[in-house]
1. Would you point out which residue out of L235, L220 is part of a helix (DSSP H, G or I) and either out of contact with any helix residue (DSSP H, G or I) (no Cβ under 8 Å at 6 or more places or on another chain) or assigned by the TED database to the domain that holds A311 (or both)?
2. When you look at G350, is it at pLDDT 90 or above, over 27 Å from V186 (Cβ atoms) and in a helix (DSSP H, G or I), yes or no?
3. Which condition number in (1) touching a Pro at 6+ places or on another chain (Cβ under 7 Å); (2) of a type outside the set (S, T, Y); (3) in the same structural domain as M79 (by the TED database) is the one that E275 fails?
4. How many residues does the range 148-164 contain that are open to solvent by 10 Å² or more (accessible area, probe 1.4 Å) and part of a loop (DSSP other than H, G, I, E, B)?
5. State which residue is modelled with the highest pLDDT when the search covers only the range 329-341 and only residues that are open to solvent by 40 Å² or more (accessible area, probe 1.4 Å) and outside any strand (DSSP E or B).
6. For the range 261-276, how many residues are open to solvent by 10 Å² or more (accessible area, probe 1.4 Å) and either under 20 Å from the mean Cα position of the chain (by Cα) or at negative phi (or both)?
7. Output the residue which, of all residues in the range 307-328 that are open to solvent by 10 Å² or more (accessible area, probe 1.4 Å) and either at pLDDT below 95 or not in a strand (DSSP E or B) (or both), is farthest from F201 (Cα to Cα).
8. Regarding the range 126-140, can at least one residue be identified that is open to solvent by less than 10 Å² (accessible area, probe 1.4 Å), modelled with pLDDT under 95, farther than 17 Å from D270 by Cα and in contact with a Lys or Arg (Cβ under 8 Å, 6 or more places away or on another chain)?
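The values are calculated or read from the model by the stated rules, or taken from the named source; none is laboratory data. Here the structure is a predicted model, which means the values were calculated and not measured. Cβ atoms come from the backbone with ideal geometry, glycine included; neighbour counts cover every protein chain shown. All accessible areas refer to the heavy atoms of the entire protein, side chains included, with ligands and DNA or RNA removed. Shrake-Rupley method; radii C 1.70, N 1.55, O 1.52, S 1.80 Å.
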Amino acid sequence: MASVAITASFSASVDFTSVSTRKLSFRSKFLSVSPPLAASSAHRTSRNRNVVRVVAEVDEPIVKIGTRGSPLALAQAYMTRDLLKKNFVELSEEGALEICIIKTTGDKVLDQPLADIGGKGLFTRELDVALLDGRIDIAVHSMKDVPTYLPEGSILPCMLPREDVRDAFISVKYDDLSELPDGALVGTASLRRQSQLLAKFPTLKCVNFRGNVQSRIRKLQEGVVDCTLLAIAGLNRMDMTEHATKILETDVMLPAVAQGAIGIACRTGDSRQLEFLEKLNHEETRIAVECERAFLASLDGSCRTPIAGYAYKSGNNLEFRGLVASLDGKQILETTRSSNWSFTDAIDAGKDAGNELKALAPSEFFENLLEHGGSW
């Protein structure tokens, strides 16, 4: 465990009342001491070295932060850790926060489309279990991975400020989607991206392309595919934006529901964690994302259904655009909504938009989509 040091000149007295007594251990650089002896031991050290070094450590973490183990997931967990440290003095003590890596099914099985191994929830189920059985206190999620339902006993009270929602076009051969030749291979496991691409460029060939951001970029550079699309939010969070050839505007590629948003879950009734998370919550992000999730829920959306949705604040209003598509991009149903900027109105707008598209779609539309695999 690393150390947090408090230094003072030899003439200063050491006041241990200013250090939290919550399961702390104290030690000097040269010997371990119990709290009653710490002042005299520190004083001896200061006379020899003109400095006193007192270390405070929390024996047990106050918050265990659960996360997946991918580089992007860890970057998001570290961001959460740093925000907690910044906002709560007691969490800045060494050992107060612990990051716990939870391996999920989606991380283990990389050679199959997500829908073929269970669809949505593959990146959250194991985290949910760890949260509910007490192995972790909070779970950090990419919100686009989170199903529209939450397991009983858990809540999602916090979303961090949203990153850029757009997708990035990445290629070492071409500068724009319009330059791709007939038959060009597009690496993507996202049915949302596939359907929107094929609607505009029907001669492209989309192939399953999974793995973390680094492995996908490596495979692209090795020539496995001609291009790929990734969320610019992930590239931003890992300082990898140099790989983005071009950022696609939302009228070219409508983002996934909740893209660019980080959500943090805790157990229902855990007042201590709720206090921490409520301070970190960015309400503008939460309102917009919950509008999109209400849209998704109304459509009964899954990893087998190409669905996109984006809500944002414009003045005092909420603006929303959503779509549902066939896998080949030949059928795309779109809708928009405007409402007052409030949590209740945002949910209503999302639900209404989803219900509209569900009513417009042919009766077999969603049933046909269930025959295919992939990730929206």
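1. Step by step, each of L235, L220 is checked, and only L220 is part of a helix (DSSP H, G or I) and either out of contact with any helix residue (DSSP H, G or I) (no Cβ under 8 Å at 6 or more places or on another chain) or assigned by the TED database to the domain that holds A311 (or both).
2. Yes, satisfied.
3. (1)
4. The total comes to 10.
5. W341
6. 7
7. N316
8. Checking the range 126-140: not a single residue is open to solvent by less than 10 Å² (accessible area, probe 1.4 Å), modelled with pLDDT under 95, farther than 17 Å from D270 by Cα and in contact with a Lys or Arg (Cβ under 8 Å, 6 or more places away or on another chain).
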